Amino acid sequence: MGLFVKGESKTKEKQPQYYLSATGSEVYNYNVYYMSFGEKVLYFIIGFIVGAAVGYLFYGGIGKNEYGEPTMTTWICDIVISSIVGIIAGLGFIPIRTEQIRDKKQRDLKLQFRELLDALSTSLGSGKNIPDAFKAAKDDLSIIYSHDTAIIKELDVILDGIINAIDIEVSLRDFGIRSGIADIVSFADVFETCYRKGGNIKDVIKNTQQILAEKMEIEMEIQTIVTGNKNEQLIMTIMPIGIVGIIKMMSPEFATNFATPTGIVSTTVAVIMFVVAYFIGKVVLSIKV
């Protein structure tokens, strides 16, 4: 028994947000995250406002007359260009934010899973069998986490499976697949092998907890080192915006050069270069352990 896609269609490219477990309950798929309509509107508006402001800062003032006074062309260009840049930024921010939310859910789940292994190891060390150890682990984690936390919900699914005569290893394997976390998948595979072939489950859980804890410590150390470079990248991304803003406020005469054909071309090339550099830096600094 395994997972059944809710509302399964012939299209396999798009994963569903929820599956149906072997007991018929909805279970979350951590491999993907789909924003609600309200979230999309919210993050589009945020991206649009930021993008429109930057677009106006870089391209505002095009079409002024020889006296430096804004014309109808200036107003139209300001509105059109700011709107176009804002729309591009808004549409581009939605997938970026979606990826951030999905990654955060997986990071939180990984941390919670380590706590689960610690609780299981303690319960098994006190002499409990596997089903009772999972029940005790849920009681222990319920003190730390609220009932709507991911790991508590997953324990509810596992315990519901036990009540309905679903093998624990089946529930764990389904959990591993949905989590998208290699450590949980590996643990589920090892657990299944040991549980059915008489292996030492207590040692398996203890060793897995130790390995996962060490990996997370290494990951935090790496992230600490990388954080400085990420901050530098953010500063370098924002700096051109700040420089242009200061120039336009402090020296309006010099700022008129941005509205010339040469200035527009140079600004566009510079913006493209900084956008490309941002995404390249994001890939380079996205280190996963």
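For the range 92-138, a residue qualifies if it is farther than 19 Å from Gln210 by Cβ, of a type in the set (Gly, Ala, Ser) and modelled with pLDDT of 90 or more, and the qualifying residues are Gly92, Ala136. Taking residues in the range 64-85 that are at positive phi, and partners anywhere that are modelled with pLDDT under 85 and of a type in the set (Val, Ile, Thr), the pairs with Cβ atoms closer than 8 Å and at least 6 places apart or on different chains are Gly68/Thr256. Close Cβ contacts (under 9 Å, 6 or more residues apart or on different chains) running from residues in the range 214-235 that are among the charged types (D, E, K, R) to residues that are at pLDDT below 75 and not in a helix (DSSP H, G or I) comprise Lys215/Val289; Glu219/Ile287; Glu219/Lys288; Glu219/Val289.
For the range 60-116, taking the residues that are within 23 Å of Ile46 (Cβ to Cβ) and among the acidic types (Asp, Glu), the one that is surrounded by the fewest Cβ atoms within 10 Å (Cβ to Cβ) is identified as Glu99.
For the range 120-146, how many residues are touching a Lys or Arg at 6+ places or on another chain (Cβ under 8 Å) and either within 25 Å of Gln17 (Cα to Cα) or surrounded by 14 or more Cβ atoms within 10 Å (Cβ to Cβ) (or both)? Qualifying residue count for the region: 3. Between Ile84, Ile76, which is modelled with pLDDT of 85 or more, more than 18 Å from Val275 (Cα to Cα) and assigned to a helix (DSSP H, G or I)? Exactly one of Ile84, Ile76 is modelled with pLDDT of 85 or more, more than 18 Å from Val275 (Cα to Cα) and assigned to a helix (DSSP H, G or I), namely Ile76. When each of Phe37, Phe4, Phe58 is tested for being at pLDDT below 90, over 29 Å from Val271 (Cβ atoms) and among the hydrophobic types (A, V, I, L, M, F, W, C), the lone residue that passes is Phe4.
The values are calculated or read from the model by the stated rules, or taken from the named source; none is laboratory data. Remember, it's a predicted structure, so these values are computed and weren't measured experimentally. When we count neighbours, we look across all protein chains shown, and the Cβ atoms used for this are built from the backbone with ideal geometry, even at glycine.
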